[in-house]
1. Where in the stretch B:73-93 is the amide nitrogen less than 20 Å from a point lying 7 Å along the Cα-to-Cβ axis of B:Gln11?
2. Spelling out what I want: for every residue of the stretch A:39-52, take phi, set θ = phi - 60°, compute 6.51 cos²θ - 1.76 cosθ + 1.60 (Karplus), and round to whole Hz; glycine and proline get x.
3. Measuring nothing but label to label, 7 Å from Cα along Cα→Cβ, what are A:Tyr196's distances to the other copies in nm, shortest first?
4. Using all Cα-Cα distances in the stretch A:138-254, what percent lands in each 5 angstrom bin from 0 up to the longest?
5. Determine the calculated [θ] at 222 nm for the protein assembly as shown from helices alone, applying -39500 (n - 2.57) to every DSSP H run no shorter than 4 residues and normalising by the residue count; nearest 500 deg cm²/dmol.
6. Give me the aspartates and glutamates in straight-line cross-link reach of A:Lys39: C-alpha distance below 20 Å, same-chain residues under 8 apart excluded.
7. Return the aspartates and glutamates within reach of B:Lys112: Cα separation strictly under 16 angstrom, same-chain partners fewer than 8 residues apart disregarded; answer none if there are no such residues.
8. Going from most exposed to least, what order do A:Lys52, A:Lys221, B:Lys12 have by accessible area with a 1.4 Å probe?
2 protein chains.
Amino acid sequence: MTDTEDSCLVQKLSHYIELDDLSRHHLAQFELDQIDVQKHEIITRIGTETSKLYVVKSGWLYAFVDMPDGRRQLVRIFHPGDIIGFPDLAFHHATTTVQASEPACLCPFPKKRLDDVFRLSPRLTALLFALAVRDQVIFMDLVRAMGRMSARERIVSLLLDILHRLRITNVSMTDTMRLPLSQTEIGDLLGLTNVYVSKTFRRLEEDGFIKRDGGTIRILKEGEMTEMTDFSNRYQDMDISWFPSYTTRLDQAL
Amino acid sequence: MTDTEDSCLVQKLSHYIELDDLSRHHLAQFELDQIDVQKHEIITRIGTETSKLYVVKSGWLYAFVDMPDGRRQLVRIFHPGDIIGFPDLAFHHATTTVQASEPACLCPFPKKRLDDVFRLSPRLTALLFALAVRDQVIFMDLVRAMGRMSARERIVSLLLDILHRLRITNVSMTDTMRLPLSQTEIGDLLGLTNVYVSKTFRRLEEDGFIKRDGGTIRILKEGEMTEMTDFSNRYQDMDISWFPSYTTRLDQAL
DNA sequence: CGGTCCATTGATCAGATTCAAGCATTGTGG
DNA sequence: CCACAATGCTTGAATCTGATCAATGGACCG
């Protein structure tokens, strides 16, 4: 790919800092190859060796773990522009199974290709670091939802989370979004059963919070829903004040 | 502090990679100051400006968020050698409140002091990055526990998690540990009530899984408990194969 | 056209909460 | 040194949210 047309990874990261040519060059190294995957195809299987990361070009995917009794827990949803595999960087074996929830296109690249970024671009490294710790906060929000919220509140906070995530790269988006997840998948993400997800969605619709139409969903009372769940948008602003500048050189060493 | 006596931060990080003198020097910059805090004293309050991080020298602390109805959700426990505040790096305002669960000693340092590490030590940066993504996996484990496990299993997996964390820096530790958390705090961490935590602990003791004595707890059937919760130790091994080497120099740039 | 997946709905069940009371321990001020 | 308050753990009874079980119907697909 040329540096002139922005990939969705570049687009997403540009939301936080101005990317210089060197950074764009580094990021382009992550998107040299690409593969297509089918709906429900498994990308990485838990327990297998981790050697690669993936940039999502299109499609939704998710990571999950199986429980001994056959149930499962989704832990994360991936959208275009997200990078799959960071959590596994720290381990020799994958900690989750990653599966496509719809047809998708991915760019695989080896772990080792991060080396250049770490050695040559402290500022881009800081951005990746910030994204990693930002994701920790996203997990805390999920823990909070699952630990102390009712089924209704959990579903509402999931919808708001997805809405804000999609708005980063799609500023024109208002209140309607595609939701390519089954109710079973949503339940597996929020610690509920598919049955109760169905009942809760229906009640949300009856109460005028949402409007469903096929695979899309419309958020009708965003303000009320935000207040109901004490929701914070984690995708908008980022503190970049502590990032090293691009001009920093190593030869300033002690 | 001199470089000869290892701080618990250095001790903990040394578990994963050999730290060279430069790295030790960088880490020493995190422990220049130190403050004592009392039991239940609040270190950082949610919503206030984030400017500092803290290295824990002694004592246990935890991070939590309040719910509108007065309940709360703990999201993380800190032990000696842990760094407090990474998740807030990405934000201008603190996302959690951090409180001491017992008297503790902390070393505060400004965000900006990470700059040197990012610019001058790619390998140490990679280690911090690996710890950040490792923590994501810890959060996934917590999500899994709260989404798909019974109260008994959640408590068992918490006990195993703490046991393995303490064993990193205390290799002599076998099956007995101090647990300076009230049952209310444990409930707030696992999404349970203090009442049910009490009932569940009692049953675990009756069934011979644990033995309690004042503030300490003994794990009697570690193997069985590990299997019951499908527990994975996230603290033992780390994949450092992709880390840049210490000798890497920036002047290899394109 | 039959099979599969998914959403829906009702009846029943259970794990965990809520409410309430009692007891032990610790800390504090008189 | 004691009285008293505050905190934490325990236990029981009633209640409720969400799970389980089961059946139905629609949409899609080979």
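1. In the stretch B:73-93, the label zone of B:Gln11 (backbone N under 20 Å from the point 7 Å along Cα→Cβ) covers B:77-84.
2. Result, rounded to whole Hz: 4, 6, 6, 8, 8, 10, 9, 3, x, 7, 5, 9, 10, 10.
3. In ascending order, 1.0 nm.
4. Whole-percent P(r) values from 0 Å outward: 2, 10, 18, 21, 18, 9, 5, 4, 4, 4, 3, 1, 1, 0.
5. On the way: 16 runs with 194 residues, N = 508.
That calculation yields -12000 deg cm²/dmol at 222 nm.
6. Within reach: A:Asp66, A:Asp82, A:Glu102, A:Glu185, A:Asp188.
7. The qualifying aspartates and glutamates are A:Asp239, B:Glu31, B:Asp33, B:Glu49, B:Asp88.
8. On the way: A:Lys52 100, A:Lys221 70, B:Lys12 20 Å².
The ordering from most to least exposed comes out as A:Lys52, A:Lys221, B:Lys12.
The values are calculated or read from the model by the stated rules, or taken from the named source; none is laboratory data. Predicted model, so just to flag it, every value in this text is computed and none were measured. All Cβ positions, even for glycine, are placed from backbone atoms using ideal geometry, and neighbour counts span all protein chains on display. Heavy atoms of the whole protein, side chains included, go into the accessibility calculation; ligands, DNA and RNA do not. Shrake-Rupley method; radii C 1.70, N 1.55, O 1.52, S 1.80 Å.
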